[in-house]
Amino acid sequence: MNHWDELIAIVLAGGRSDRLAAESSLESKGLVPYNGVALGTYVLKALAASRYVKKVVLVGASDLPGPTDLRVAPGERLIDSLVIGCEAAGRFGSRGLLVVSCDLPWLKGEAIDKWIEEAPYGDLVYPVIPEEVSKQDFPEHERTFVRLSSGRFTGGNMCLVQPDAIEMLKPWIDRVYRARKNPLALARIIGFGTAIKLLLGQITLEGIEREVGLKVGLDVRVSVTDEASIGADVDRLEHII
């Protein structure tokens, strides 16, 4: 059963402060070209091909080619851009939100739909990809993996979220984003006990859901997926050269 339909996608295109944008002398990571096409354009086309995404809000990179329903200027920080995007999405009514980064050039509509169909219902749902799947599909792509009791996983670059959950998430989002490449820093955010379990590879996916949910006061779910393209982001020029 699909718990998510009639979604509004919020694409965070980034700003000049992003390292890849700066290295490319562009105003946004979403405008960085790959095979002659801007990174963000791949994402917009994938969202347009999704059966469940009904509206697309682009935050930043106003001149990015690709289909959108609304374009708004970004904020100074990630959390600012997310809040701006959520407020803009409210113009289309109270629907579930799909928040996506702009740097997923291998993303396809079919991959988005498959994950959405697999995803459980919750206030916040975040995808993780098993290490073996990620390395099989993108063997040359460097990723950060977290060791859990059931294996090693890397995170995706999108999430499903209920609109009324954003206010409670705001204090945490910027901290988590800054620590996203550092498993121990992420663990410290949700507690020392979690950090120890993470070091020992003893924490479970259910444990992460429980610990994070208690911290933020929301129903947080982690969804394992074989769709590696939703986590194959571009952080450095060598990823696409």
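Tell me, please, whether a residue that is of a type in the set (V, I, T), under 15 Å from the mean Cα position of the chain (by Cα) and surrounded by 19 or more Cβ atoms within 10 Å (Cβ to Cβ) can be found in the range 80-98.
The answer is no, given that none of the residues of the range 80-98 is of a type in the set (V, I, T), under 15 Å from the mean Cα position of the chain (by Cα) and surrounded by 19 or more Cβ atoms within 10 Å (Cβ to Cβ).
For the range 55-77, give me each residue that is crowded, with 21+ Cβ neighbours inside 10 Å and among the hydrophobic types (A, V, I, L, M, F, W, C).
V56, V57, L58, V59, A61, L64
Suppose the filter is on the phi < 0 side of the Ramachandran plot, assigned to a helix (DSSP H, G or I) and modelled with pLDDT of 90 or more; does G193 pass it? Walk me through it before giving the result.
Values: on the phi < 0 side of the Ramachandran plot: yes; assigned to a helix (DSSP H, G or I): yes; modelled with pLDDT of 90 or more: no.
No.
Name the pairs: first residue in the range 113-137 and over 15 Å from N157 (Cα atoms) and at pLDDT below 95, second residue among the β-branched types (V, I, T) and surrounded by fewer than 17 Cβ atoms within 10 Å (Cβ to Cβ), Cβ to Cβ under 8 Å, at least 6 apart or on different chains?
Note: no pairs meet the criteria.
Please go through (1) over 14 Å from A13 (Cα atoms); (2) assigned to a helix (DSSP H, G or I); (3) in contact with a Gly (Cβ under 8 Å, 6 or more places away or on another chain) for L44 and return the number of the only condition it doesn't satisfy.
Going through the list (1) over 14 Å from A13 (Cα atoms); (2) assigned to a helix (DSSP H, G or I); (3) in contact with a Gly (Cβ under 8 Å, 6 or more places away or on another chain), L44 breaks only (1).
So T144 ticks every box in (1) under 27 Å from A89 (Cβ atoms); (2) at pLDDT 75 or above; (3) under 16 Å from the mean Cα position of the chain (by Cα) but one. Which box is left unticked?
(1)
Listed here are the residues, each with its yes/no results for (1) modelled with pLDDT under 90; (2) in contact with a helix residue (DSSP H, G or I) (Cβ under 7 Å, 6 or more places away or on another chain).
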{"site": "A165", "(1), (2)": "no, no"}
{"site": "Y177", "(1), (2)": "yes, yes"}
{"site": "N182", "(1), (2)": "yes, no"}
{"site": "I189", "(1), (2)": "yes, yes"}
{"site": "G217", "(1), (2)": "no, yes"}
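For residues that are acidic (D, E) and surrounded by fewer than 21 Cβ atoms within 10 Å (Cβ to Cβ), scanning just the range 99-131, find the one that is farthest from L205 (Cα to Cα). Talk me through it step by step, then tell me what you get.
First, the residues of the range 99-131 that are acidic (D, E): 103, 110, 113, 117-118, 123, 131.
Right, trim to surrounded by fewer than 21 Cβ atoms within 10 Å (Cβ to Cβ) and you get 110, 113, 117-118, 123, 131.
Values: E110: 25, D113: 22, E117: 19, E118: 16, D123: 16, E131: 15 Å.
By that ranking, first place goes to E110.
The values are calculated or read from the model by the stated rules, or taken from the named source; none is laboratory data. In this text, all values refer to a predicted model and were calculated from it rather than measured experimentally. Neighbour counts run over all protein chains shown; Cβ positions are idealised from the backbone, glycine included.
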